[in-house]
Each structure stands twice: as C-alpha cells, then as structure tokens.
Amino acid sequence: MKSVEESTITRAIIRKAAEDWINLAKTGLETVVFERKLSFGGGIGGGGMQFHKLVVQDPADKILKETGCELELLEKDVYVADTAAMIAHLASATIDAGAKIIFGVIVDDLIYRDSPLRVTGVVVQWTSVIKSKLHLDPLGLEAKAVIDCTGHDAEVLTVASKKIPELNLVVPGEKSMWASQAEKLTVENTGEVCPGLYVAGMAAAALHQTPRMGPIFGGMLLSGAKVAQLVARKILGEKARKVVPIDIG
C-alpha cells in the first residue's frame, strides 16, 4: 500500500474542495444539492415506519428503472423498492449526470432583488455552525434558480415568507394523510413560486396545504422530474432535455 503523508491528504482536500466552491460562484448551468445531513436520501431511508421498503407507482417507476434500481412488482403498475438501493441508485445517477452534492450545509437565507422582485441566490452555512449556535456570517451564492426540496418544513419558503414580505408568501403546512390525493396534488403544485424560486416535493404540500402521502414515493419522483424540466426550460428554452416521464407541454 502506498504511503501518503498527512500534509498531502490535507492539502488535497482543502485545494479540491476550494476549487469546487469557487466554481459554484461562477455563472453557468450547474446543479448543486445542499444537504444538511452527512448522507443522501431525505425521507427515503426511513421507508415506512423504519421498515426498509417503500412503494412506487407508474409512471414514476420509469425514473428508478432508468437509474438501474430494481423494483419488485406488487400489482399492476405498482412496485416495491428497497430504500437503500433507491437512495444509492438515485444519488449515483445524479452525480454521474453532473450534479454536485455537498453535505453538511444549510440554506440559511436567500439573496433577492427588486424591480422586478426575484430570488437570485442562496445564503449558506455549515450545519454544525447552526447547531452549535455560533455567530458566524454565512456566504452567498448566486443562482439562476433556487428549488425548495426541504420536505415537510419547507425551510427555504418559510425563510422567504418571513424575510421577503413583498412576496406575500404564506406557508400554512400540509394536511393529514390522503395518499392518492397527495400524490396527485404534489405533482400539480410543483412549480415556480416567484421568479427564481421553485418548490417541489413535500415543500409544495406545505405551501399549498395539501395532504401528506406517507411511504409512497411516486409523487416525489415525478415532482422532482417536473421541477427539473421547468427550470431547464426556463433557462435553456426548447433546448432543454425533456425529463421523462413528465410532460409540461
């Protein structure tokens, strides 16, 4: 095994991480996922009440099959997925497609401009700093589009509702469970909240006060596909690659 000095390890990590952060500050079409935890997957890993399975239905199964994730047929157009496999395949496909995922970072605030009113970026901080309650100024990163995929708490939209009152945003929170309606309405309500700010997943349910669905993830996958297509089309126009199986016309 090759011997590597501690100083070499430290320099490599700091230099390469710094290069990534500097590149994030440049303009261009690049997708960055800030994850507050040190792991992928959000609510997928918990499955249903910590049972390591969840349900996916047509047409969302096409997204998982495209990543190579195996699905077990439960009944016509309804499948069962292994939570760890689903996380691993989605994360791998995301990175292979060119997205950057950075762990341990919270979107603490937004950057905005007026005339016209729009969101132009995010303000980020280390999760560890927030949890330690240390007063350290965060850093701002410009973005052509900011997507709130923070789940039930709709953290980004909640910040916007409190700190950019001109948006007239109210985040009432989700309703109780009604799986079939929740799946449908979550996808329908995925979209642009204001110029530069989008919502998807359970954050859309929190914004529009629609039901939760529990451990069925078809709506989550379709919501993500839809918002990706909306943002790509807004930035690239008709050159945007169509994200299957959502068609927004």
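Since every read-out is calculated from the coordinates, none of them should be taken as a lab result. What you see is a predicted model; the values in this text were computed from it and never measured. Note: ideal-geometry Cβ built from the backbone for every residue, glycine included; neighbour counts use all protein chains shown.
Structure above, values below:
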item	result
Potential extension, Asn23-Arg11 segment - 0.36 nm per residue separation minus Cα distance	2.5 nm
Dipole of segment 13-239, positive end: most advanced residue of Ala225, Phe34, Leu134 [Cβ charges, Cα centre]	Leu134
Whole-Hz couplings from phi, Karplus 6.51/-1.76/1.60, listed for segment 98-112; x for Gly and Pro	x, 6, 10, 10, 10, 7, x, 10, 10, 7, 8, 6, 10, 9, 9
³J(HN,Hα) computed for each position of segment 152-166 - Karplus, 6.51 cos²θ - 1.76 cosθ + 1.60, integer Hz, glycine/proline x	4, 7, 6, 4, 5, 5, 5, 4, 4, 5, 8, 10, 10, x, 4
Anisotropy class of segment 13-239 from Cα gyration tensor, a/c 1.5 cut	prolate
Rounded to the nearest 20 debye, dipole of the chain from Cβ charges on Lys, Arg, Asp, Glu	400 debye
Reachable lysines, given that their alpha-carbon falls under 30 Å from the alpha-carbon of Lys239 and they are not under 8 places away in the same chain	Lys26, Lys62, Lys65, Lys100, Lys144, Lys184, Lys226
Mean residue ellipticity (222 nm) of the chain, computed from DSSP H runs ≥ 4 via -39,500 (n - 2.57), nearest 500	-11000 deg cm²/dmol
Sorted largest first, extent of segment 111-244 alpha carbons per principal axis (Å)	43, 39, 28
